[in-house]
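Notes follow once the structure below has been shown.
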Amino acid sequence: MVVFFLRNLCPLFKRGDLRIIIIMKRIITMLSLLISVPSVAATNFPHGLQLGIGVSATSGFNVALGYYDSENDGYFLTHFGIRADFASAAPLKSAIDSVIDSYMRDGRDVGDGVKIDEGKFDAWHGMFVLDYYPFAGAWRISGGYAWGNAELDAAIFGEISTAPSQRFYFYLAGDHYYYNGNKFDGSAAIDWRYHGPYLGTGFDWNLFCGLSLFADIGVVFTNRSAKLSLDIPHEQLYIYNKDTGVWAPVTIAALDTDVGRAEHDANRKLSDLRVYPMVKLGFAYRF
């Protein structure tokens, strides 16, 4: 059951939805702030200072402040730049929840009558980056340090609609269980609090009047992997005793032991994943 849950969470980051247009509309609205500052930039800000806004696919709304002077005569300033970058899913929560609700409408079947729904995603990150422009052009290679957190919560439920009066059976950590009344509800959560070095690449395409389009793709080599936790109610839950061959109400201690084993097995598999992806797209204004 745990493996099915993990496999069906991953497509949330891959599937598209037309309502993601809401995100881009908000970015375009804020572009007016960037376009309206050229006269101020000429007198009050150092040439090369840049402000960017965009969307991070794994962290939400993105804001960046940096410096890169491609018109300078010195080699260092024409080939290197610096950036401070922050992103949060909070400003885009309604759009993100809409995408998740559309994907999980009526629940996602993971087998044996078990489904997941009511997914919630929250994330943020911060980073400091050094950019290297090998040809003093649009392409850059980036390295730095990042930190952040990503949380994904979902409800787990099961019911055999064709036989509502029967018991609902399932396995957990090798033990056989059933809920009396053919229905069960639980929850699962993935938490990934991380920090580590960042390595990536990207482009800055100049458009007009100091405005540019930027794109980034990279990974954070994290200090730890994501952690899965499960919550399974014990009310009306029965376990099969292999020694006596009898079904009996499960004790909280026995259930906690099996939940702990299931979490340990899932987290052992998750421990192989120690890179957090970063994909960003947006607009920047260079003063």
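The values are calculated or read from the model by the stated rules, or taken from the named source; none is laboratory data. Given the structure is predicted, the values throughout are model-derived calculations rather than measurements. Cβ atoms come from the backbone with ideal geometry, glycine included; neighbour counts cover every protein chain shown. Ligands, DNA and RNA are excluded from the accessible area calculation, which covers all protein heavy atoms including side chains. Shrake-Rupley method; radii C 1.70, N 1.55, O 1.52, S 1.80 Å.
Work out how much length VAL275 to ALA248 would gain on full extension: take 0.36 nm times their residue separation and subtract the Cα-Cα distance, in nm to one decimal.
5.4 nm
Given 0.36 nm per residue, what is the gain on full extension from ASN206 to ARG167 after removing their alpha carbon distance, in nm?
7.7 nm
Which of the pairs LYS93/LYS183; LYS120/LYS242; LYS93/LYS115 have their Cα atoms more than 28 Å apart in this structure?
LYS93/LYS183; LYS120/LYS242
Measure off, as a whole percent, the carbon and sulfur share of the 1.4 Å-probe accessible area of region 48-101, all protein chains present.
69
Please report, as a whole percent, how much of the solvent-accessible surface of region 193-287 comes from carbon and sulfur atoms (probe radius 1.4 Å).
It is 62 percent, rounded to a whole number.
For GLY48, list long-range residues whose amide hydrogen, built 1.01 Å from N in the peptide plane, is under 5 Å from its own amide hydrogen.
PHE287
Over region 177-230, what is the relative contact order in whole percent, taking alpha-carbon pairs under 8 Å and six or more residues apart?
Details: 67 pairs, mean separation 24.2, N = 54.
45 percent.
Give me the base-10 log of I(q)/I(0) for region 115-214 at each q in 0.12, 0.14, 0.19 Å⁻¹, Debye formula, one uniform scatterer per Cα, rounded to two decimals.
With one equal scatterer per Cα and no solvent, log10 I(q)/I(0) is -0.67, -0.75, -1.00.
List, in order, the whole-Hz ³J(HN,Hα) value for each residue of region 271-287 obtained from phi through the Karplus relation with A = 6.51, B = -1.76, C = 1.60 and θ = phi - 60°; use x for Gly and Pro.
Working through the residues one at a time gives 5, 6, 9, 10, 10, 9, x, 10, 10, 9, 9, x, 10, 9, 10, 9, 6 Hz.
For the pair PHE76 and ASP101, what calculated FRET efficiency results from E = 1/(1 + (r/R0)^6), where r is the Cβ-Cβ distance and R0 = 30 Å, to the nearest 0.05? It would help to have the intermediate numbers written out before the result.
Details: r = 49 Å, r/R0 = 1.64.
Efficiency at R0 = 30 Å is approximately 0.05.
Quick one: accessible surface of TYR240, probe radius 1.4 Å, all protein chains present, in square angstrom to the nearest 10.
Accessible surface of TYR240 is approximately 80 Å².
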